[in-house]
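Please treat every number below as a calculation from the coordinates, not as lab data. Model, not experiment: these values are computed from the prediction. All Cβ positions, even for glycine, are placed from backbone atoms using ideal geometry, and neighbour counts span all protein chains on display.
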């Protein structure tokens, strides 16, 4: 009996150690799976934005919300106005009014919004900086993972399953590559052309997306960056005097031009 009791005590100690390590292993597996999904989805978004893709209507099954928190600065650096634009599959609001044609019902609108430059002038034209004033944009997309379990993919429309699916936020930064524009005239002209033809695209992923709309604390967030050589084309220009109404932006890669 004594020997059996000792054996049971040894087995019990081993089981306690195994049970203590098991949750840690499950969490590591979960973190690795989520990072793998993020890596795969990041490649899709970066390549599509870089190439100015316009026919990816399948993205409407995954990108369910996009917001743009904008601030308008005067030439002296003071804030003149600020606000937020919001876009979903069913409606869209921009600069204080409804813009139903900008709802996320097609891939054109999704890629065009995610490509919004960080700096714009009053007419929606991309700027190299805000030294003379203009709009500063902060674009964030809420996305159901493109990769992952087949049960979460279309035509799945069960709100419970979709609500429990792996989702994340993407902070999209489309900024011109910084150059020195105060050098000699010839070099300065070239540098200004460079800012119009060379951009850095940064996508920062925050996950998991919680039911309250906030992203969980992933330390550190994963940021993917690439440099894009090419101009930015504007479409759906529908501006009003003194205010940007709505503009979509698309990269035109490998279209660098150097004016004399």
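General observations
- For the range 53-146, average projected area of the Cα convex hull in nm²: 6.2 nm²
- Protection proxy ranking of 107-115, 52-60, 73-81 - average other beta-carbon atoms within 10 Å, highest first: 107-115, 52-60, 73-81
- Difference of contour (0.36 nm per residue) and Cα-Cα distance, residue 61 to residue 91: 9.3 nm
- Between residue 5 and residue 69, the modelled labels are 6.5 nm apart [label points 7 Å from Cα along Cα→Cβ].
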